[in-house]
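In what follows, a single structure is set out as structure tokens and then discussed.
Derivation of every value follows stated rules applied to the coordinates shown; laboratory data play no part. Predicted, not measured: the structure shown is a model, and the values here were computed from it. No Cβ is skipped: glycine too gets one built from the backbone with ideal geometry, and neighbour counts run over all protein chains shown.
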Amino acid sequence: MSQKLSPITALLLTVPPLLWAGNAVVGRMVSTLVPPITLNFLRWALAFVILVPMASWVLRSGSGLWSHWRRFGLLSLLGVGCYNALQYLALQTSTPLNVTLVAASGPVWTLAIGALFFHTPVHRAQALGAVFSIVGVTIVLSRGEPAQLLNVRLVVGDFFILLATACWSAYSWLLMRKDEPEAIRQNWAAFLLAQVVFGLGWSGLFAGLEWGLTDAHITWGWPLIATLAFVAVGPAVLAYRCWGLGVQQAGPAMAGFFANLTPLFAAILSAAFLGELPHAYHALAFALIVAGIWVSSRP
């Protein structure tokens, strides 16, 4: 369903891409210090510590968490256990260009999953918005030179990020289904903690497999500690809080377009921390993505 976009909702849906872009930048910076799936587990372990003081009651037997374990187990598998783990995995074998290019299919995945599994029709405005958004992201990824896209070659990492994007789109749609107790739904910290509880099981299982099947190791130091603090507070807790509210207010299809702001924010942060200055095509891409959001939000 096409919904009108308010400034508050737009802000809620803009904060997560900014934090996720920061997550990608610092994730690259510590890629040699910690294995990718282990980084995802440590991130959510710290988020659990942050959330428990705010909503410890959700862990009690009568809260409804355990009686709705299927609901939270599925949400946590998609949003906590799989999405970032697959993203970090993708960067091990694929280039950032390929990873972000495939991830730009997010709005298409969101509209397709909504139509196939949630019986939500795709309006022409949404389809046109998806085209604007993907073209804008493609301009960023090709650095304003479309010929560079001809050199893209798919590898196993591209499959990982494609699967991650599908998981996130499905997760966003599932947020719209109010199958959990109202007390948990109305408390953002409790709702996120309920997912993290089961998510630690999923991410811990995947991290255990990583250590058992690969030559994994961790190099501890202040760079890694600072990174863990950031990814736990920002991309995990704060971003999920804003994203959940934004999806509930605007719908998952609309939210999918805002997710494509991530590569633009990544370009800005790369300029600030990696010395890569933005160019004119960044402004053009930003205009196209904003146009996609505006078109898709028309009643």
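Which whole-angstrom value gives the distance between the alpha carbon centres of region 193-232 and region 22-66?
About 8 Å separates the Cα centre of region 193-232 from the one of region 22-66.
Where in region 205-299 are there chymotrypsin sites (Phe, Trp or Tyr not before Pro) that are in a DSSP coil and have at most 12 other Cβ atoms within 10 angstrom of their Cβ?
Sites meeting the loop and neighbour criteria: W220.
Evaluate the Debye formula for region 170-256 with equal point scatterers sitting on the alpha carbons, no solvent, and hand back log10 of I(q)/I(0) at q = 0.16 Å⁻¹, in q order, two decimals.
Scattering profile of region 170-256, log10 relative to I(0): -0.82.
Loop sites only, by DSSP: take the trypsin sites (Lys or Arg not before Pro) in the chain that have at most 15 other C-beta atoms within 10 Å and name the longest stretch containing none of them. Provide the component values of the computation, followed by the final result.
Numbers: sites that count: K4, R60, R143, R153, R177, K178.
Here the longest run is 179-299.
Show me, for region 231-241, the HN-Hα J-couplings you get by feeding each phi into the Karplus relation (A = 6.51, B = -1.76, C = 1.60, θ = phi - 60°), rounded to Hz, glycine and proline as x.
5, 7, 7, x, x, 8, 6, 5, 5, 5, 4
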